[in-house]
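Scroll down for the structure; my scribbles are underneath it.
Taken together, the values in this text are just the output of simple stated rules run on the coordinates, not laboratory data. For clarity, every value in this text was computed on a predicted model and none was experimentally measured. Here Cβ is always computed from backbone atoms with ideal geometry, including for glycine, and neighbour counts include all displayed protein chains.
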Amino acid sequence: MSSELQKALELKLSNYQSNRVDRLIRSVRECSPLGAALMDKVQRQNCKVVLGSGMKAAGAFIKKDNTILLNHQMSDERLMSTLVHEARHMEQYENAPLCAAHYGLNLESLIRVCRAKEADAKAVQCAAAYQMLDSNPKVWKEFFKASPKIAMSYLEKYKQTKSIEASLPEAFKAWYDDLDYADKYDRKMLSFMESKVSDNERDLMEDDFSSKKTVEDVCRYGSACYMRGEEGFLETKRAMTVKEDIFFRCADVSQAAFDKGLCEQKDTSFVKFFVKSAGGIIAGKDKSDKKPSASEEWSFIMSCFDKKTAGR
C-alpha cells in the first residue's frame, strides 16, 4: 500500500471516528436531560471524547489525560449510556476531588471508595438510559441486557415514585449484589496497592475516608445526596462483602507494607469486611452489622491466618 493511500485511509478513519463521537454526544443530549447536563460539563471541562481499540470494557475515563475513551467495537446504543457513565466519573472528580482511590487510604476505604464510584456511575447510567426509552429504546434494551438487576431495581422504584432521585438509591444498592462484578474492581485496587508496596512507596494505608463521607461526596443528584437517610449503607453486609482471597490479599499486603516500614501502623481496617468463602457462606467480623471491638478484630485476623496456613 502506498504511503499516500495509507494517509488517505487514516484521514478517512479519523473523520469517521470524529463524526461518530459527535453523533453520540448529540444523541445523548437529545435523548436524556441527565445526559445533556453531563455533556455540558464534559464541554466545560474540555474533556476529550475519543474512540479506542483493544479494550475489553465499553469505556473508561482517563483522569490524567482528561479523556473519555469509548470502545469503537460497541454499538452506538451501548456507547450512548457508556458515555454517560464515564462522564459521571469525570463529574465525580469535579464534585469530590478528595474522594479518590489512592495509596494513602487504608484498605477498607480504598475498596469502599472505588466500589461507591462505580455503583454511582452505573446508577446514573441507568437513569439516563431509562430517559432514552421513548426516543431510542435500544439504549435501554442494551443496558437492561448488561445490568438486569440494576435496571429492574431502578424501574420498580421509578414506576412507584416517578422520581429519579428516589430511584437512584435502588440502582446504586443493586450494584453491590453482583459480587463477581464488584470483585473485578477489588482486584484492581489490591493490585494497585501491591504495586505501591513493591515500589516502596511510603505513607501507605494510613488514611480513613468514612462511609458517610463517601456517600455524601459521591452520591449527588443536583445539590443533594440521593442516599440521604441511608448513609450507613456502606457499612452493611450487602455493601461490605468481599471474596475470601481478596481478604487474604489484604492481610498479606498490609503485613508486607508494615514489615518494610512503609506505614507507621499495620492496617487492620480490612477486618471489617464480610468474607464470602468458596462454599458460599458469608463469614466475617460477625453475622450482624455491629462493629467489632479491637480485640475482636485481632481475634478474627488470627483465626483467618490460622485458616490460611492450614490450607497451604
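Listed peptides 164-174, 147-157 appear in the order 164-174, 147-157 once ranked by packing, highest mean of other Cβ atoms within 10 Å at the front. Among Arg88, Arg29, a tally of other beta-carbon atoms within 10 Å of each Cβ gives an order, fewest to most, of Arg29, Arg88. If the limit is 20 Å between Cα atoms, which of Lys184/Lys237; Lys56/Lys173; Lys159/Lys213; Lys149/Lys173 go over it? As for pairs spanning more than 20 Å Cα to Cα, those are Lys56/Lys173; Lys159/Lys213. The convex hull built on the alpha-carbon positions of the range 66-123 has an orientation-averaged projected area of 4.6 nm². Close amide H partners of Val49, meaning residues 5 or more places away or on another chain with modelled amide H under 5 Å apart, are Ile68.
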